[in-house]
1. Using a 1.4 Å probe and ignoring any ligands, DNA or RNA, find the accessible area of THR151 and quote it in Å² to the nearest 10.
2. Compute the FRET efficiency between ALA123 and GLU60 as 1/(1 + (r/R0)^6), taking r as their Cβ-Cβ distance and R0 = 30 Å, and round to the nearest 0.05.
3. Can you compute the charge dipole magnitude of the range 159-219 about its Cα centre, using +1 on each Lys and Arg Cβ and -1 on each Asp and Glu Cβ, nothing else charged? Give it in debye, rounded to the nearest 20.
4. With all protein chains present, how much of the accessible area of the chain (probe radius 1.4 Å) comes from carbon and sulfur, to the nearest whole percent?
5. For the chain, what does -39500 (n - 2.57) per DSSP helix run (n ≥ 4), summed and divided by total residues, give at 222 nm, in deg cm²/dmol to the nearest 500?
6. Among ALA86, VAL185, ALA41, which residue has its Cα positioned farthest towards the positive end of the charge dipole of the chain, with +1 placed on the Cβ of Lys and Arg, -1 on the Cβ of Asp and Glu, and the dipole taken about the Cα centre?
7. Taking only protein heavy atoms into account and a 1.4 Å probe, give the accessible area per residue of the chain in Å².
8. Rounding to the nearest 20 debye, state how big the charge dipole of the chain is about its Cα centre with +1 on each Lys and Arg Cβ and -1 on each Asp and Glu Cβ.
Amino acid sequence: MTLDAVAFDLDETLAVPTRDRETLLSEAVEATDAPSLTRQAYLDAHREHLTAETREPIFEALLAGHDTETSPEDLATAYRERVTGALVPVAGVERLLDDLRRTYRLGLLTNGPVVAQHDKIRALGWTDAFDALLVTGSLEAGKPDARAFETLLAELGTTAERTAYVGDDVEADVAGAAAAGLKPVQVCYPGGPDPDPRAAAHVERDSLVADLADVLAAL
């Protein structure tokens, strides 16, 4: 069946940090004189606040119980600035998006707070790169909840069986898209999740630009 639309995850799929997130978090902690925080603790708190406006609720939860004068707002700002500043597109991906848009309706569905994710999208220059651009902070639910994908389909004006979703996370992206009836394409890279059998196809991130069009045509 021919696809009508292709949608993407953002982080670790279309754009990657030039420095690891653990380092960026440590820098934000040091800059705001906050107590030490682990990347895993941040990820756990992030999953609980996928529909937030900012990262403040995440850091409020992480700072709870600590004797500190650091405000969640200051820590959220410091981390956002560092993450956005370190994010770069996968090489050649803008050309890929332009080429795909000639054939498919193009979507972006990214988990995270509104301010943080839109800050990344603006910094990358991608505010007009998609026909539907959704950040879960402004939605009823985040990935892998089917409601996030249903909103995406409504914005794209397409159906699940005629839409591919390209992402790296096996639960949020692959399992979530599969459960919602979309065709998941898993982006794989060294140190990332193993290829998941729930994906309709797999593509290496280093060859995303060269190979994705053919992968999509074969679905």
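1. Here the accessible area works out near 50 Å².
2. 0.75
3. The dipole of the range 159-219 has a size of about 260 debye.
4. The value for the chain is 45 percent carbon and sulfur by accessible area.
5. -11500 deg cm²/dmol
6. Checked the options; the winner is VAL185.
7. 45
8. It comes to approximately 680 debye.
The values are calculated or read from the model by the stated rules, or taken from the named source; none is laboratory data. If you're wondering where the values come from, they're calculated on a predicted model, not measured in any experiment. Every residue, glycine as well, gets a Cβ built from its backbone with ideal geometry; the counts of neighbours run over all protein chains shown. Quick note on the areas: whole protein, heavy atoms, side chains included, nothing else; ligands and nucleic acids left out. Shrake-Rupley method; radii C 1.70, N 1.55, O 1.52, S 1.80 Å.
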